[in-house]
Structure formats: C-alpha cells, structure tokens
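Every number here is computed from the coordinates shown, using simple stated rules; none is lab data. What you are looking at is a predicted structure, and each value in this text was computed from that prediction instead of being measured. Cβ placement follows ideal geometry from the backbone for every residue including glycine, while neighbour counts extend to all protein chains displayed.
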Amino acid sequence: MDITLLQLYNPFLKMSIKLSRSNRKYKLSKQITPVRNIWVDDVYEDLSQVKGILLGELINGFEIKMNNMGMDFLDELVEPINKAIEEDEQLKIKQSEEEDVIEEELSDAIKKGLEWS
C-alpha cells in the first residue's frame, strides 16, 4: 500500500508527479502523457535522492497540489535556492567594496599625478 506524500501538477502541460512511500522506500511517479494517463515509476531508497528532482520540477512550472510532508520539507527543498541568493548578495557586496577601493586608489593616483605636474 502506497501513502501519497506529495503531489505536483503542471497546468500548462496537464501532467502530474506523485511522491509516495511504501516499504520504507520512496516512489516517484511521473505522468509522461496527459491524454493517455501513462505513468513511469522510479523507486528511491532515500528522500535526499528525490529532493533535487522535485526542485527541478518546481522550477520548471509544476505547482504543489498536495503536501503531507510539512513546511519543513518545503524549506529543505528550496534551501539550495535560498543559499544561492545569499551567496549572490554577498558577492555583490564584495564587488561593490572592491569597486570602492579601486575608485579611492584611482583618485589618489590622480591627485598624486596632479602634484607632480
């Protein structure tokens, strides 16, 4: 017996993805044709193996229709995105600091150049 944990749906493609658990394994079922209702099942030992696939599908336009995993699971799922955003912000801050240092060095060089003439 499978217990459905998560269900995704893409309204544009009219296709679904279901994550279920049975026998201590996770089954990811993907609908590959919307009209004929044909599904492909993949079995995974660990939930961490499935997270990357689910994140990719969410980025590609799938919406969460049902979630029995809780908000903590969703937070863990989008953690790589939040981490990338934080790293990008830190990189922008570092670049602006480097630009400020370069501007100060250039202005000092210009001042020294004017003193020489």
Full-extension gain in nm, N68 to K111, via 0.36 nm per residue minus C-alpha separation: 8.9 nm
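Calculated FRET efficiency, E103 and D75, Cβ-Cβ r, R0 41 Å, to nearest 0.05? Mind dumping the intermediate values first?
Working: r = 40 Å, r/R0 = 0.98.
For E103 and D75, the calculated efficiency is 0.55.
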Violating pairs (Cα-Cα greater than 21 angstrom) within the set K18/K83; K51/K92; K27/K51: K18/K83; K51/K92
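In what sequence do F73, F12 fall when counting other Cβ within 10 Å, fewest first? Walk me through the numbers before you get to the answer.
On the way: F73 16, F12 8.
By the 10 Å Cβ count, ascending: F12, F73.
Taking the Cβ of N10 as the center, what net charge do the other residues with Cβ under 11 Å away carry, scoring Lys and Arg +1 and Asp and Glu -1?
Numbers: positive: K14, K30, K65; negative: E57, E63.
Counting the neighbours of N10, the net charge comes to +1.
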Length gained when the stretch S96-Q49 is fully extended (0.36 nm per residue, less Cα-Cα span): 13.1 nm
Angle in degrees between helix 79-116 and the longest Cα principal axis of the chain, rounded to the nearest 10: 10
